[in-house]
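The values are calculated or read from the model by the stated rules, or taken from the named source; none is laboratory data. Worth saying up front: this structure is predicted, and the values here are computed from it rather than measured. Every residue, glycine as well, gets a Cβ built from its backbone with ideal geometry; the counts of neighbours run over all protein chains shown. Side chains included, ligands, DNA and RNA excluded: accessible areas come from the protein's heavy atoms. Shrake-Rupley method; radii C 1.70, N 1.55, O 1.52, S 1.80 Å.
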Amino acid sequence: MNDINGVGFSGYGLSVMNTPTGRYGTVLQLSNKAEAIQGEAGSWLHQFCFETESNRILYRKRINDDDWGNWFELVLKSI
């Protein structure tokens, strides 16, 4: 998952590297630029992973030329 540039979404499976848990799901990547390139100054990338089997949502970010941050679980609360 470390090689997605720009904005978009995709499914992922067991063979994809750098997923939050190594399971199946969908990744949504958002950015401050439509053509943002990872590791480039001025590129802010955010990834949200929606796990298929656990219904969990996880998040991480990469700002400028920093490395990808850790995955964090977003807690869903019924209202």
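Here are some notes:
- Value of relative contact order over the chain, rounded to a whole percent, pairs C-alpha under 8 Å and six or more apart: 23
- Accessible-area order (highest first, 1.4 angstrom probe) of the listed residues VAL16, VAL75, VAL7, VAL27: VAL75, VAL7, VAL16, VAL27
- For SER31, neighbours were defined as the other residues whose beta-carbon sits under 15 Å from its Cβ, and their charges (Lys and Arg +1, Asp and Glu -1) total -1.
- Accessible surface of the range 1-42 [probe 1.4 Å, protein heavy atoms]: carbon and sulfur percent: 55
- The residues of the chain expose, per residue, 66 Å² of accessible area to a 1.4 Å probe.
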